[in-house]
Amino acid sequence: MAIDPKSFEAIADLAYRESGLQLVVEKASMIQSRLRHRLKAVGTDSFASYAELVCSDEGLDERRQMISALTTNVSHFFRESHHFELLGQKILPGLIDKLRAGRRFRVWSAGCSNGQEAYSIAMTMLETFPEMAKMDVKILATDIDPKVVSFGRSAVYPERLTTGIPKNLKDKYFSVQKGKEGDEYTASEALKSLVVFKELNLLSNWPMKQKMDVVFCRNVVIYFDADTQDRLWPRFHSLLNSDGHLFLGHSERISEPSNAGFINNGPTSYRPIVAKR
Ligand SMILES: C[S@@+](CC[C@H](N)C(=O)[O-])C[C@H]1O[C@@H](n2cnc3c(N)ncnc32)[C@H](O)[C@@H]1O
């Protein structure tokens, strides 16, 4: 059951329109294998009829399943650790007096996958200032893929997904129990209470009413083309507080930061340009 060029094009166009994902023809065999179980689930063995279904009005539910199957959800705890160091060593100490005086602090993990990034942010906060557990602090963790959002919300990680957590933090912030695949680690209530998980497509409207202090959008835009990326930067700029921070993944860059209102602040780290009065 191979994907024919017409069905590939229909699926690639749809994935691009719905989620910004760029499916290139060189990856056709990978896409074919990622979608094979979806074809089985809807009871067809033809990519042409699958493409017809997902492109139809009746295919709305399956469209979400298709995007979920096509996204790459690889992540791990404390990935690209320099951003967590910046958060713990510079950003939080610089704000702590204001936070103690009641200022709110909001972080967005945009494209959060299974939640490792959001819980790494939470651990960094609690390790830096344990009192943050009682402050007006929240981490919003969002992803287009409903499966990873509900996984993150469950906060239960099989051992293979816990790489990156230093042993002392694993002992302190996770409880261990036997699961189907061996040991499973559940995040503590202290971590869970800091993180709110929601399904959100970065290309759609953002419902957030409050400004963000830090946005982690790492290893997400790499799957988007330059136009889609360039439409995102000013939106992040509008959402960030003037003293905020934007972190991207190791192979992601804002091509013209000043056009989007940002200045570079170290590797894959940006700050909004503050207008001079
Ligand atoms: C490789 S993971 C990155 C996870 C984490 N940020 C990290 O750096 O480890 C990319 C995530 O982006 C999500 N994603 C892809 N397109 C998206 C979109 N249009 N809106 C929201 N999330 C999207 C995928 O579902 C996936 O979970």
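Summary table below
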item: Selection within the stretch 123-156 - in a strand (DSSP E or B) and either within 15 Å of the ligand (Cβ to nearest atom) or of a type in the set (Phe, Trp, Tyr) (or both); result: 139, 140, 141, 142, 143
item: Residue list for the stretch 46-77, restricted to those being of a type in the set (A, V, I, L, M, F, W, C) and under 23 Å from residue 202 (Cβ atoms); result: 54, 55, 60, 66, 67, 69, 70, 74, 77
item: Failed condition for residue 185, given (1) within 15 Å of the ligand (Cβ to nearest atom); (2) open to solvent by less than 60 Å² (accessible area, probe 1.4 Å); (3) hydroxyl-bearing (Ser, Thr, Tyr); result: (1)
item: Selection status of residue 120, under 19 Å from residue 166 (Cβ atoms), open to solvent by less than 10 Å² (accessible area, probe 1.4 Å) and either within 14 Å of the ligand (Cβ to nearest atom) or of a type in the set (D, E, K, R) (or both); result: yes
item: Test: residue in the stretch 197-220 that is of a type outside the set (S, T, N, Q), farther than 29 Å from residue 103 by Cα and within 12 Å of the ligand (Cβ to nearest atom); result: yes
item: Some residue of the stretch 243-264 being outside any loop (DSSP other than H, G, I, E, B), at pLDDT 95 or above and in contact with a Gly (Cβ under 6 Å, 6 or more places away or on another chain); result: no
item: Residue among 222, 254, 273, 263 that alone is crowded, with 16+ Cβ neighbours inside 10 Å, among the aliphatic types (A, V, I, L, M) and within 22 Å of residue 86 (Cβ to Cβ); result: 254
item: Residue within the stretch 33-45 that is surrounded by 14 or more Cβ atoms within 10 Å (Cβ to Cβ), among the hydroxyl-bearing types (Ser, Thr, Tyr) and more than 25 Å from residue 205 (Cα to Cα) present; result: yes
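The values are calculated or read from the model by the stated rules, or taken from the named source; none is laboratory data. All of these numbers come straight from a predicted model, not from anything done at the bench. Using ideal geometry, Cβ is built from the backbone for each residue, glycine included, and neighbour counts are taken over all protein chains shown. Please note that ligands, DNA and RNA were not included when accessible areas were found on the heavy atoms of the full protein model with its side chains. Shrake-Rupley method; radii C 1.70, N 1.55, O 1.52, S 1.80 Å.
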